[in-house]
């Protein structure tokens with residue numbers, strides 16, 4: 001998170017205190033309207049309950065390595081095996097994410113997914129790699145922009161689609177104490193029952209507000225609506241609303257906690273998530 005002189009920035013990294021060309025109530029209304037319209041016009045299978053996070057546009061700085069632990073508990077989920085996929089009810093998903101910044105426009109992340117089942121057994125789920133590019137702040141764009149791609153494998157008893165690719169554009173903006181981020185994500189299966197279904201659309205949205213210098217409260221939204229050009233019926237889509245808090249423990253730390261409620265039959269009904277991260281070799285960055 002940010003140092004003591006900056007605003008807590010929800011998402012992946014802290015606010016850098018960039019200039020604000022969109023200041024003012026009118027611009028804020030327009031930006032919120034765009035996010036809502038894009039989110040509501042969307043349609044996919046989501047991140048799953050391993051990496052529940054709305055991304056910010058800023059990258060891990062050059063030479064810095066970020067290590068994060070994603071801990072997600074499905075307090076109320078599926079209770080039976082469906083198409084060979086294990087139930088999610090009372091499962092604890094632990095994901096280790098390691099991200100290294102190579103320069104001002106490029107970083108790469110690496111994931112190891114695991115799952116602790118309701119019977120206490122701990123299973124390896126899969127691994128992904130995530131290269132990401134961003135437009136540096138020195139170009140002074142009115143919004144933050146980056147593009148993440150994530151490719152990897154997950155075992156078939158955790159996801160019937162075992163090889164997948166995710167394309168995640170990231171658009172965000174800090175307006176005073178208010179932070180907004182929109183991730184209009186596309187997902188593609190290369191092996192499994194969805195491989196011939198084309199790209200699926202999974203919008204993620206985050207609103208957060210700094211209530212204190214080191215505390216931001218917000219609302220995250222995770223959707224999965226089916227094929228990008230042929231959406232599923234509303235009851236078959238995945239929709240989750242997740243109130244969350246971001247805490248600033250210093251420039252090297254990241255902490256996010258939230259409780260999500262699924263509002264459709266296809267969504268796990270209750271999810272608790274926490275993200276704890278630490279930046280190594282971050283001595284020369286604020």
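For this structure, a couple of remarks:
- Between residue 135 and residue 157, the contour length at 0.36 nm per residue exceeds the Cα-Cα span by 4.1 nm.
- Dividing the C-alpha radius of gyration of segment 25-280 by 2.2 N^0.38 Å, with N its residue count, gives 0.98.
- Residue 165 paired with residue 67, simple spin-label distance in nm, labels 7 Å along Cα-to-beta-carbon: 3.2
- Point-to-point label distance, residue 284-residue 117, nm (Cα→Cβ direction, 7 Å offset): 4.9
- The stretch between residue 105 and residue 209 holds 34.7 nm of extra length on full extension. This uses 0.36 nm per residue minus the Cα-Cα distance.
- The stretch between residue 265 and residue 147, if pulled fully straight at 0.36 nm per residue, gains 39.4 nm over its current Cα-Cα span.
- Estimated distance in nm for a label pair at residue 274 and residue 96, the labels positioned 7 Å out from Cα along Cα-to-Cβ: 1.8
- Ranked by the mean number of other Cβ atoms within 10 Å of their residues, highest first, the peptides 238-244, 122-128 fall in the order 238-244, 122-128.
Rule-based calculations on the coordinates, nothing more; no lab input. Small disclaimer: the values here were computed from a predicted structure and weren't measured. Don't worry about glycine lacking a Cβ; one is built from the backbone with ideal geometry, like all the others, and counts go over all protein chains shown.
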